[in-house]
Amino acid sequence: MAKNYDPRMHTAEHILNQTMDRLFACGRCFSAHVNPDKAKCDYHFDRDLTEAEARDVEARVNAVVAADLPVFAESMARSEAEALFNLERLPDGASEELRIIRIGDYDACPCIGEHVDRTGALGAFRLTTHSFENGVLRLRFKLAKPA
């Protein structure tokens, strides 16, 4: 894993991705940069979010955090995963057995990264900024220290 890798922030990225797709049918981010203190996710989009939408995204992510959902991995055959997930971001040479990360019944996606055991370990999620340029919506976020 990268030097600045943080399982809390990475798990929050998963929840943000699912939230954005549920609200706006935009799919998961196509690019992410996640550090222990801050992160950004880029989505193919047609406009900026309104402040009300940004606060709604934030509230929905925090509801998943507060639900203290279990986060766990399971194995799945690639042939089965192809019917359930977008596999475009899998690296070349990925095995026929994929690791699927599940966040309760809220999110599931193929991932090799490290994650927390429960969403309650994340701390409060805060969208710090959002911007739109050239078909890309960028969301920046931070997490408070868990209680």
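Observations on the structure shown:
- In segment 133-147, of all residues being under 15 Å from residue 35 (Cβ atoms) and aliphatic (A, V, I, L, M), the one that is most open to solvent (accessible area, probe 1.4 Å) corresponds to 143.
- Residue satisfying condition, being within 18 Å of residue 18 (Cβ to Cβ), small (Gly, Ala, Ser) and surrounded by fewer than 17 Cβ atoms within 10 Å (Cβ to Cβ), within set 81, 77, 108, 66: 66
- Selection of helices (runs of 4 or more DSSP H) fully inside segment 1-85 by the criterion of at least 2 residues being farther than 21 Å from residue 112 by Cα returns 7-24, 51-66.
- Among (1) exposed (fewer than 13 other Cβ atoms within 10 Å of the Cβ); (2) over 14 Å from residue 11 (Cβ atoms); (3) at pLDDT 95 or above, the one test that residue 126 misses: (1)
- Filter result for residue 11 (under 11 Å from the mean Cα position of the chain (by Cα) and among the β-branched types (Val, Ile, Thr)): yes
- Residue tally, condition part of a strand (DSSP E or B) and open to solvent by 90 Å² or more (accessible area, probe 1.4 Å), over segment 86-98: 1
- When segment 31-47 is filtered for residues that are among the charged types (D, E, K, R) and open to solvent by 30 Å² or more (accessible area, probe 1.4 Å), the ones remaining, listed by number, are 37, 38, 40, 46, 47.
- Residue pairs whose Cβ atoms lie under 7 Å apart, sitting 6 or more positions apart in sequence or on different chains, and linking a residue in segment 120-147 that is free of Cβ contacts under 8 Å to residues at least 24 places away in the same chain and outside any strand (DSSP E or B) to a partner that is among the hydrophobic types (A, V, I, L, M, F, W, C) and surrounded by 14 or more Cβ atoms within 10 Å (Cβ to Cβ), are 144/124.
- Residue list for segment 48-63, filter: among the acidic types (Asp, Glu) and loosely packed, with under 14 Cβ neighbours inside 10 Å: 51
The values are calculated or read from the model by the stated rules, or taken from the named source; none is laboratory data. Computed from a predicted model, the values in this text were never measured in an experiment. Every residue, glycine among them, receives a Cβ derived from its backbone with ideal geometry; neighbour counts consider all protein chains shown. What goes into the accessible areas is simple: the full protein's heavy atoms, side chains included, and nothing from ligands, DNA or RNA. Shrake-Rupley method; radii C 1.70, N 1.55, O 1.52, S 1.80 Å.
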